[in-house]
Amino acid sequence: MRGDLVRKFTARGLATGGPVLAFLVVALTDATVWGLCLTLVALAATVWERRVRPGADNLAETTLLTASVLVGYARQLDAGFDPALAGTALVLLGLVLLAGPLRQAGNLEIRVANLPVRTWVPQVAARGADIVAAFLAVLAVAALAVLPTVLVLVASLLMGAAVGVAALDLARRRLRPGAGGSAVTRALRRHQPEFVLHFSAPPGSEYQVTMWLPYLERIGRPFVVMLREPEFLNTVAAATNAPVVYCPTLRTMDEALVPSLRVAFYVNHGAKNSHCIRFTHLTHVQLHHGDSDKAPSANPVSAIFDRIFVAGEAAVDRYARAGVDIPAEKFVVVGRPQVEAIEVRPRPADGPANPTVLYTPTWTGHHADADYCSLPVAETLLRRLLDRGATVILRAHPYTAQNPASARQLGRLHDLLTTDRASTGRQHLFAAAAGRLSLAESVNRADALVSDVSGVVSDWLYSGKPYAVTDMGTDGDLFSERFPLAATGYVLRRDMANVDEVLDRLLDSDPLAEARWATRRRYLGGFPADSYTEVFLAAARRELDLTGWTASAPRTSTGAPSSPPPEVHEGDDLRAR
């Protein structure tokens, strides 16, 4: 992504140039105080670079900054050779040289949350470089305050002892592992989890897990969440009471995958999923993190899973339409549990005079064939909506900021809505204000949706309300064939030439209202509203109980006995939730 590249280059430049500038100022000028202040800024830059580039090696930069602090301290004292400061320099040299290897060792160790096991050593080791940077910052402040060097030596010795204990403990773990397994393994054996949710994804993707956690908890069986990247640990652990483990290596996975586990769930097609699928004694179930007509929603990689839980029959057809041959018995239609909080609204006699419109632009995707983002043309759309007296709820995709062009386009839309709110008093919701609403709350507040090709359209479909879909490609009349969900929505062309016609239909006449109910059943299952989520919960429990799926018990694609579920018709589930 271009945004990531810009951040990485910026971080590299600051983390490299900052230490050089700080050292030159301290060593070659009389501006020692300014040099120490620049050292503090450069230390912050090295920490930031390790956030942006987790594999960054700042050994040279940290060594230079250490020299800056020590030289600056000596200049502040102006008292010649100081034994305490010399001892501090030796300890710091050892800490700087040890921080890298210690971090590498710590990054290979399992970490846990929501489990009565302390794994402070791997966490301290993994943050060794940051701890050294923080300690150098303290020394720089001490130099600015001209504190006695004996205090600095004592502090450095204590820091060195703590790092030494961590290093010895990590070595013990490697050379003499416990005979009864690690403390994490023993704790998980006591917990007796029946299933694991395996998750690997780029930063900013934690929503893929958090949308499923409430429903996994409602299965009513003990489980564990396995993360393959460390940045998700705190966020995911805060969203559930279940144990959460970070497993960076295959060895740590062996520690966490205890014998009581029967099923592994997945929410995406991350490459590291294959690390877990190698455990053939587990049943592997793909849940997905949304249902849409996007190309990734028919990923051929889905074929490696034992079961593919899908929202409706439309998802099964999507794979076939893409030429992905997957046996029908692998598919299980379970609905989309996340829509249970969405209110279903009957069609009003007339369109609302001052409608509320939800606009959900997606991101540009990893590849050109998955770029459905309408932000480049969205300003025209929003101006037309404002001209009609609409209140806008703008929810951008979490990845939008990763593309600088998309971020700028989104910023212009925020400015437009801010200006309109000031002049008309209409309470548009965007940025942080929109982020405080769940998707279901946003859907319930809105009268109509404008969206790109994304999973939001499928979730919105449950409400029964009208929607429009943007065609950002060159498909023309073939757009609805490639993206069938658009057939019961109103298609906005890329050039926005038909925007007024589409808004007339979307906000007033709504000629596709009846057809949407049939589409709703195909995409989201025809299950009764009062037991909608139970379909997913029952399917998950069946997998855990190892019942069904035998040659003697033929089943439909729902995974249930072959009696069809009751269909939902307009008006059947119009109750408020």
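The values are calculated or read from the model by the stated rules, or taken from the named source; none is laboratory data. Because the structure is a prediction, the values reported are computed rather than measured. FYI the Cβ positions are ideal-geometry reconstructions off the backbone, even for glycines, and counts take in every protein chain you see. We work out accessible area using only protein heavy atoms, side chains counted, and drop any ligands, DNA or RNA first. Shrake-Rupley method; radii C 1.70, N 1.55, O 1.52, S 1.80 Å.
Sorted from longest to shortest, the spans of the Cα atoms of region 337-488 along the three principal axes equal 39, 35, 30 Å. Most tightly packed first, judged by the mean number of other beta-carbon atoms within 10 Å of their residues, the peptides 64-75, 79-90 read 64-75, 79-90.
In region 354-453, which trypsin sites (Lys or Arg not before Pro) are in a loop and have at most 14 other Cβ atoms within 10 Å, using DSSP for the loop call?
On the way: sites: Arg383, Arg384, Arg388, Arg395, Arg408, Arg412, Arg421, Arg426, Arg436, Arg445; in loops: Arg388, Arg395, Arg426, Arg436.
For trypsin sites (Lys or Arg not before Pro) across region 354-453 that sit outside H, G, I, E and B with at most 14 neighbouring Cβ atoms in 10 Å, the list reads Arg436.
Could you look at region 336-456 and say what percent of its accessible area is carbon and sulfur, using a 1.4 Å probe and all protein chains?
Values: 2520 of 5080 Å².
Solvent-exposed carbon and sulfur of region 336-456 make up 50 percent of the total.
Remark: region 494-506, residue by residue, has Karplus-estimated 3J(HN,Hα) of 4, 7, 6, 5, 9, 4, 5, 4, 5, 5, 4, 6, 5 Hz, where x stands for each Gly or Pro and the curve is 6.51 cos²θ - 1.76 cosθ + 1.60 at θ = phi - 60°. Of all beta bridges that DSSP places with both ends in the chain, some 10 percent have antiparallel geometry.
When the accessible area of region 73-180 is split by element with a 1.4 Å probe, what percent falls to carbon and sulfur?
Details: 3870 of 5610 Å².
Carbon and sulfur atoms account for 69 percent of the accessible area of region 73-180.
Counting heavy atoms of the protein chains only and a 1.4 Å probe, report the per residue accessible area for region 176-245 as a whole number of Å².
Details: 2770 Å² over 70 residues.
Solvent-accessible surface per residue comes out at 40 Å².
In region 181-277, the portion of solvent-accessible area held by carbon and sulfur atoms comes to 53 percent [1.4 Å probe, whole percent, DNA, RNA and ligands not counted]. Only helices enter this figure: runs of n ≥ 4 DSSP H residues, each worth -39500 (n - 2.57), summed and divided by the residues of the chain, yield -15000 deg cm²/dmol at 222 nm to the nearest 500. Scanning residues 5 or more positions from Asn498 or on other chains, those with amide H under 5 Å from its amide H are Arg493, with H placed 1.01 Å from N in the peptide plane.
Taking all protein chains into account, the per residue accessible area for region 5-113 stands at 48 Å² (1.4 Å probe).
What the Kirkwood sum gives for region 50-96 is a hydrodynamic radius of 12.0 Å, with every pair of different alpha carbons counted.
From the P(r) of the chain, could you give the percentage of C-alpha pairs in the tail past 30 Å? Don't skip to the end; give the middle numbers.
Details: 100906 of 166176 pairs.
Result: 61 percent of Cα pairs exceed 30 Å.
Distant-in-sequence amide contacts of Val450, defined by a placed amide H-H separation under 5 Å and a gap of 5 or more residues or a different chain, comprise Leu358, Tyr359, Thr360, Ala468.
Projecting the Cα atoms of Ser451, Phe9, Pro259 onto the charge dipole of the chain, computed from C-beta unit charges around the Cα centre, puts Pro259 farthest toward the positive end.
Quick one: dipole size for the chain, taken about the Cα centre, charges +1 on Lys/Arg Cβ and -1 on Asp/Glu Cβ, in debye to the nearest 20.
Working: 58 positive and 56 negative charges, 347 e Å.
Once rounded to the nearest 20, the dipole reads 1660 debye.
Given the C-alpha centroids of region 450-520 and region 53-77, what is the distance between them in whole angstrom? Each part reduced to its Cα centre gives a spacing of 58 Å. Per residue, the solvent-accessible area of region 441-536 (1.4 Å probe, heavy atoms of protein chains only, all protein chains present) comes to 35 Å². For the chain, complete DSSP H runs whose alpha carbons reach 18 Å or more along their own long axis and whose mean Kyte-Doolittle score is 1.0 or higher are 32-52, 83-107, 128-145, 149-175. Database remark: amide H of His284 closer than 5 angstrom to the amide H of Ala264, Asp306, Arg307 (H placed geometrically; neighbours at sequence offset of 5 or more, or on other chains; Pro and chain starts carry no H). Ordered by 1.4 Å accessible area with all protein chains kept, Phe199, Phe23, Phe9 run largest first as Phe9, Phe23, Phe199.
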